[in-house]
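The values are calculated or read from the model by the stated rules, or taken from the named source; none is laboratory data. The shown structure was predicted, so the numbers you read here are calculated from the model rather than taken from an experiment. Methodologically, a virtual Cβ is constructed for each residue, glycine included, from the backbone with ideal geometry; neighbour enumeration extends over all protein chains shown.
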Amino acid sequence: MFEITGLTKNFGGLTAVDNFNLKIRLNEKVGLIGPNGAGKTTVFNMITGFLKPTAGKITFLGKDITGSSPHSIARKGIVRTFQLTSVFPNLTVLDNIIYAHNLNLRIGFWEAMLHTPGSRKKDELIQQKSLEIIDFLGLEEFRDIQAQSLPHGYKRILGIAIALAAEPRLLLLDEPLTGMNAGEVESAIVLVNKIWQSGVTVLLIEHNMRAAMGLCQRIAVIDFGKKITEGTPQEVQNNEEVIQAYLGRSHAA
């Protein structure tokens, strides 16, 4: 379904990602882990078009998407969340999701101005799809609450809801469990599994190593921009290079 080959990113004399390779099969849950500063988010930014690779190739569903714009990549079915919750704080939960649907169900200027039958039909469809996402992720009680008033864990879930509104085939989750307490982590893991079971392929970055090990079928580990190993959670957990990367030396935050 998805393949990265020789992906490299240089910032001046610094190589942030160095000849990185990864394959993801349809409907897998794959983790990308590594110490702070290892290059994980740089990989995500290249996949989603926010950074252009210095070298390498990114293929999705048999097509080369290397260097495409973020908007184009999202339309092809690769959608991401961000480390910092990306919501409209003054809008309600429902309105945040409605706005996000505009990626796939755009209403033209004159359609909206004249309130044509076509625009009304699109409005109704967007409303229906948004309510389905709210129900799917268990956000019913927060539907009409402003995003800025949500507890932190639910803001993270709203970020996932916004991503789902773009109808991803491959969902990239950038540290979805950051800042959550133990109960919120458990709930979020259930939701990620629910999304995966619905047919969405998942690639996630996560600092909570225990959660990543329990959630992912396969894990790739990156350190100083290079992939040092890849395998099942048990294989990765017992890998000496991984242990050394996490425990053997300090990394910049």
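Listing for the model above:
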| item | result |
| --- | --- |
| Within the stretch 171-206, considering residues that are touching a Gly at 6+ places or on another chain (Cβ under 6 Å) and among the aliphatic types (A, V, I, L, M), the one modelled with the highest pLDDT | L204 |
| Near pairs, Cβ below 8 angstrom, 6+ apart or cross-chain, from the stretch 1-23 (free of Cβ contacts under 8 Å to residues at least 24 places away in the same chain) to any residue that is surrounded by 20 or more Cβ atoms within 10 Å (Cβ to Cβ) | K23/F2; K23/I4 |
| Residue that is modelled with the lowest pLDDT, among those in the stretch 116-152 that are surrounded by 12 or more Cβ atoms within 10 Å (Cβ to Cβ) and in a loop (DSSP other than H, G, I, E, B) | T116 |
| Unmet criterion (only one of (1) assigned to a helix (DSSP H, G or I); (2) in contact with a helix residue (DSSP H, G or I) (Cβ under 8 Å, 6 or more places away or on another chain); (3) of a type outside the set (G, A, S)) for I243 | (2) |
| L26 being assigned to a loop (DSSP other than H, G, I, E, B), surrounded by fewer than 15 Cβ atoms within 10 Å (Cβ to Cβ) and modelled with pLDDT of 95 or more | yes |
